[in-house]
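Undergrad: Can you keep this structure in mind? I'll have questions shortly.
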Amino acid sequence: MPAQDGPGGMLEMAGYASLFDEPDHAGDIVRRGAFAASLTRRAAGGVRMLFQHDSGEPVGVWDVIAEDARGLFVRGRILGDAPRGRAAMALVRNGAVDGLSIGFRTVKARPRPGGGRELLEIDLWEVSIVTFPMLAGARLKVLSGEGASARAAA
């Protein structure tokens with residue numbers, strides 16, 4: 001059954017919160033396997049969905065978080081039961097916000113020549129919906145909910 005948008009509704013989305021072997025704006029590169037131990041410990045239910053990294057008001061839940069050949073894939077639902085969730089839903093649904101960003105603690109890294117780090121192990125805490133992702137390719141797509149067809153076609 002398709003998700004409904006609005007108070008009490010939800011908006012389903014998916015995307016890549018991190019891409020392997022691609023430098024972010026700070027020069028950091030995440031390597032394959034960097035999330036494995038953290039995902040084993042926490043799974044999707046232990047990683048929070050925030051808006052703009054604001055831990056004071058989560059906006060939804062992540063149903064799937066997994067490493068694949070490309071990067072860290074996420075699928076989840078923005079929930080319209082709270083004011084921040086409704087606001088995030090409206091911004092995502094209308095294309096005003098489509099970035100993803102990870103909140104983490106570095107467990108193992110090494111410096112990269114010329115700046116930045118090679119991130120080998122990451123303790124993932126949260127994945128945020130953001131206006132400006134640190135990694136340009138970290139983007140989401142709307143899967144279901146009111147307005148999903150128009151956004152998916154864009």
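No value in this document is a laboratory result; all are computed from the given coordinates. Predicted, not measured: the structure shown is a model, and the values here were computed from it. Note that we place each Cβ from the backbone using ideal geometry, even for glycine, and neighbour counts take in every protein chain shown.
Undergrad: Compute the acute angle (0 to 90°) between the alpha-carbon long axis of helix 83-93 and the principal axis of greatest extent of the alpha-carbon atoms of the chain; round to the nearest 10°.
TA: 80
Undergrad: Express the relative contact order of region 10-153 as a whole percentage, based on alpha carbon pairs under 8 Å and six or more residues apart in sequence. Walk me through the intermediate numbers first.
TA: Working: 355 pairs, mean separation 51.4, N = 144.
Answer for region 10-153 is 36 percent.
Undergrad: What is the Å³ per residue value for the convex hull set by the Cα atoms of the chain?
TA: Working: hull volume 16.4 nm³, N = 154.
About 106 Å³ per residue, rounded to a whole number.
Undergrad: Please order S55, S128 by the number of other Cβ within 10 Å, starting at the fewest.
TA: Values: S55 11, S128 22.
Final ranking by Cβ density, sparse to dense: S55, S128.
Undergrad: Could you run the Karplus curve 6.51 cos²θ - 1.76 cosθ + 1.60 with θ = phi - 60° over region 99-106 and give me ³J(HN,Hα) per residue in whole Hz, x for Gly and Pro?
TA: With the stated coefficients, region 99-106 comes to x, 10, 8, 9, x, 7, 10, 6 Hz.
Undergrad: Counting Lys and Arg as +1 and Asp and Glu as -1, each charge on the Cβ, what is the dipole of region 10-153 about the Cα centre in debye, to the nearest 20? Spell out each step's value before the answer.
TA: Values: 19 positive and 17 negative charges, 27 e Å.
In total the dipole reaches around 140 debye.
Undergrad: Ok, one more. Return the distance in nm (one decimal) between the two label points of a simple spin-label model at V61 and D21, each offset 7 Å from Cα along Cα→Cβ.
TA: Placing both labels 7 Å beyond Cα along the Cβ direction yields 3.6 nm.
Undergrad: Now, a different point. Just want the answer: with Cβ charges of +1 for Lys and Arg and -1 for Asp and Glu, which residue in P133, G46, L79 is farthest toward the dipole's positive end in region 10-153?
TA: It is G46.
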